[in-house]
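Written out below as structure tokens is the structure these notes cover.
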Amino acid sequence: MEEKDTFGKFLRKKREECGLTQKEMAQRLFVTESAVSKWERGISYPDISLVSQICSVLMISEHELITASEDMEQKKLEKQAASYQNMIRGYSITMLVIYGITLLTCFIANLATEHRLSWFFIVGAGILTAFCLLSLPLYLKKYKAAVTLGSFWLSILLLLLVCAVYTGGGWFFVALWSVTLGFSVVFLPFILPNLPLPVSLCRHKALLCIAADTILLFILLASALHYSGNMEDYFTIACPTAVAGLIYVWGLLAIIRYLNIHPYFRTAAALGFSGIYNLFINSILHMIIDRKPFVLQPCDFRFWSDEYINGNTTMILFIICILLAVAFSVGGIMISVKRRGTEPWERNE
């Protein structure tokens, strides 16, 4: 009986807070006024099928109706959500006002000083870039990350294009491929997992990322050399140098991702490859760039002058990598032997 009284008092309180009479509430619920009166006097409970309608009419949650008490935690969350929405709305309006004032000021200043619009377009493109990064996500409901990233990339390219036109420079394509390569290196590993790739490619996302970066790098080199007028060096110096640098990246990818051996042996292989690569790479680059015969850098730990310091340092790194590779190999062998020793016992059991 006490529970019914509590429920009735709560129902009456909420009805009065909504400014409804028993008759008006009954009409909205399609029940008799007498039924509402019985609920509030603790004589009976409403039918379970009316719970959702009662909550809608009284603007309360089902939890509040069933427990006949205020859901303070839910109200606190709703208050925080409303406060957050107000803050976001205030931020959005403030940023739009700042964008507008900046554009208007620069528009007037550009016309006043040059009697035409020139650098104003740079400011406009810069404002667009800031909008895409700082404000656009607030207006998006779906695919926020992808749309924001794509818009930010396009706005940066537009800004660079406007700057290139304003300065009369032909460097735009160098900047375009530089920015695109940077975006690819930083963001592509996060974008690929969310793309609907064929099943055959799902296991090769790292390979796809590095392949895309490699292609963009060669395009960037061609664009830069074409702009500088040194295109004849593309196949003789630029590409071989890039290949020499990429060997390490592709080698580590092959070892870490596709070498199907124990992790200890895989780590040993990566360390050994790193040591050997570090030992030979400077000599290879000298051969490509300076057109010198392949010769390892001089190494003598008794001397640390300019002639020997690079060779000594390279040799120390090589020895450290090889020793670590040997250590991991020994660890892998010990684990393998231990596992083989326990397998017969496990089969007997």
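Some notes on this structure:
- Here the chain is treated with +1 on each Lys and Arg Cβ and -1 on each Asp and Glu Cβ, and its dipole about the Cα centre works out to around 400 debye.
- Comparing Leu197, Trp304, Thr148 along the charge dipole axis of the chain, the residue lying farthest to the positive side is Leu197, per the Cβ-charge model.
- Distance from the stretch 157-217 to the stretch 271-332 (C-alpha centre basis), Å: 33
- For the stretch 18-144, size of Cβ-based charge dipole, Lys and Arg +1, Asp and Glu -1, in debye: 460
- Centre separation in Å (Cα based) which lies between the stretch 231-270 and the stretch 1-74: 71
- The stretch 70-159: C-alpha gyration tensor shape, a/c 1.5 cut-off, then a/b vs b/c: oblate
- Scanning the chain for chymotrypsin sites (Phe, Trp or Tyr not before Pro) in DSSP loops with at most 10 neighbouring Cβ atoms within 10 Å leaves 31-293 as the longest stretch between them.
- Each of Ser69, Ser274 was scored by other Cβ atoms within 10 Å of its Cβ. Arranged with the fewest first, they read Ser69, Ser274.
- The relative contact order of the stretch 2-70 comes to 39 percent, based on Cα pairs under 8 Å that sit 6 or more residues apart.
- Evaluated over the Cα positions of the stretch 259-340, the convex hull gives a direction-averaged projected area, one quarter of its surface, of 6.8 nm².
- Value at 222 nm in deg cm²/dmol, rounded to 500, when DSSP H runs of n ≥ 4 in the chain each add -39,500 (n - 2.57): -25500 deg cm²/dmol
- GluC sites (Glu not before Pro) restricted to the stretch 45-148 and DSSP loop, no more than 11 other C-beta within 10 Å: none
- Prolate/oblate/rounded call for the stretch 2-70, Cα gyration tensor, a/c under 1.5 rounded: rounded
- Straightening the chain between Asn86 and Phe294 buys 68.1 nm, computed as 0.36 nm per residue apart minus the Cα-Cα spacing.
- Whole-Å semi-axes of the ellipsoid equivalent to the stretch 1-141 (Cα gyration tensor, √5λ, descending): 58, 15, 11
- For the stretch 259-340: relative contact order, % (alpha-carbon pairs under 8 angstrom, 6 or more apart): 42
- Working from Cα pairs under 8 Å separated by at least six residues, relative contact order for the chain is 8 percent.
- For the chain, with +1 on Lys and Arg beta carbons and -1 on Asp and Glu, the positive-most of Phe318, Ser92, Val123 along the dipole: Ser92
- Prolate/oblate/rounded call for the chain, Cα gyration tensor, a/c under 1.5 rounded: oblate
- Once exposed loop trypsin sites (Lys or Arg not before Pro) are cut out (DSSP; at most 14 other Cβ, 10 Å), longest piece of the chain: 204-290
- Signed unit charges on C-beta, dipole axis of the stretch 204-349, positive-most listed residue Ala254, Thr241, Ile276: Ala254
Where a number appears in this text, it was derived from the coordinates with a stated rule and is not lab data. Quick caveat: nothing in here was measured; it's all calculated off a predicted structure. Backbone-built Cβ (ideal geometry, glycine too); neighbour counts: all protein chains shown.
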